[in-house]
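Q: Structure incoming, see below.
The values are calculated or read from the model by the stated rules, or taken from the named source; none is laboratory data. Predicted model, so just to flag it, every value in this text is computed and none were measured. Virtual Cβ from ideal backbone geometry, glycine too; neighbours counted across all protein chains shown.
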Amino acid sequence: MPDSHTDPRATPPGPPSDELVLAAVERAARHRDKASPAVPIWAVLEHLHLARRSAAARHVRSRLDALCAGGWVERSRRHGVPTWQLTPSGRGRLEAVAGAAGMPVLPESPQHRAWRNARTLAAQEIERFRGHMQDQLDAAALLLDADPPAGSDAWFELAEGLRSACRTLASASYCLHEWDEPDDAAADLDDGLDPGDEQLEPTARRHRRALRAGRRNVALWRDARVR
């Protein structure tokens, strides 16, 4: 069920309507990387862009209970955590609203926010990351030319710095140039596979996929950003 998405960045004013809560449950399930469509409360609140400890969040919890009583959502538990999912009646209610007045407009989705934030941060930091990479390469050149030859500890320490600089620059480059803007019609999950990988030998494909692990995780840039 695609969103009527105008990319609002903030939470709509006032307590979320029942239809907006249903839409958040539906989109949270659609963007979930699990087999089950049932979603926990924190996922619903993320799609409504609401703080977990807020009056609006308490309102959403009470409306979920009411929607459950009305047959629009079904409550279950997963590993002891309460979860919710739309029932056929709830999905029918959303479709009826969409047909009459258009789908409720949700705030920007968490996956789109993650893409936008990563792209913005990469644009801000990539030149500094490139400069740090050049510093590491210059240090390697000095070690190569050292007379007497540099000791092994110097090379071991440089190896750590080079690896960190390369991975940070690679991740920022991916976020800025290669991570396509997500379409909220489906989950935007990074499986570590890119177009053309099918032409690689299986071993090379697995190796390439392993190297790409964490390429969207801007939290891993933290050490590089404080230099």
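Q: Which condition from (1) assigned to a helix (DSSP H, G or I); (2) touching a helix residue (DSSP H, G or I) at 6+ places or on another chain (Cβ under 6 Å) is the one that A56 breaks?
A: It fails just one condition, (2).
Q: Could you give me the residue pairs with C-beta distances under 6 Å whose first residue belongs to the stretch 169-183 and is farther than 12 Å from N217 by Cα, whose second residue is assigned to a loop (DSSP other than H, G, I, E, B) wherever it lies, and which are 6+ apart or on separate chains?
A: Listed pairs, sorted by first residue: P182/D188.
Q: I've got another one for you. Count, please, the residues in the stretch 80-90 that happen to be surrounded by fewer than 15 Cβ atoms within 10 Å (Cβ to Cβ) and either more than 21 Å from R30 (Cβ to Cβ) or among the hydrophobic types (A, V, I, L, M, F, W, C) (or both).
A: Number of matching residues: 2.
Q: Can I ask one more? Any residue at all in the stretch 144-160 that's under 29 Å from the mean Cα position of the chain (by Cα), surrounded by fewer than 19 Cβ atoms within 10 Å (Cβ to Cβ) and in contact (Cβ under 8 Å) with a residue 24 or more places away in the chain?
A: The answer is no; no qualifying residue exists.
Q: Can you name the residue in the stretch 97-127 that is closer than 24 Å to R32 by Cβ, assigned to a helix (DSSP H, G or I) and at pLDDT below 95 and is also farthest from the chain's Cα centre (by Cα) among such residues?
A: Checking each candidate, the answer is V97.
Q: Being basic (K, R), surrounded by 15 or more Cβ atoms within 10 Å (Cβ to Cβ) and closer than 20 Å to S171 by Cα is the requirement here; does R116 meet it?
A: yes
Q: Only one of these is in contact with a Phe, Trp or Tyr (Cβ under 6 Å, 6 or more places away or on another chain), among the aliphatic types (A, V, I, L, M) and under 29 Å from D183 (Cα atoms): V97, V73, V44. Name it.
A: The conditions single out V73.
Q: Is there any pair linking a residue in the stretch 50-74 that is farther than 17 Å from E26 by Cα and in the same structural domain as V25 (by TED's automatic domain parsing) to one that is among the small types (G, A, S) and surrounded by 13 or more Cβ atoms within 10 Å (Cβ to Cβ), with Cβ under 6 Å and at least six apart or on different chains, and which?
A: Sorted first by the residue in the stretch 50-74, then by its partner, the list stays empty.
Q: Then there is this: Select from the stretch 195-227 the residues that are among the acidic types (D, E) and touching a residue at least 12 places away in the same chain (Cβ under 8 Å) and write down the one among them that is surrounded by the fewest Cβ atoms within 10 Å (Cβ to Cβ).
A: This residue is D223.
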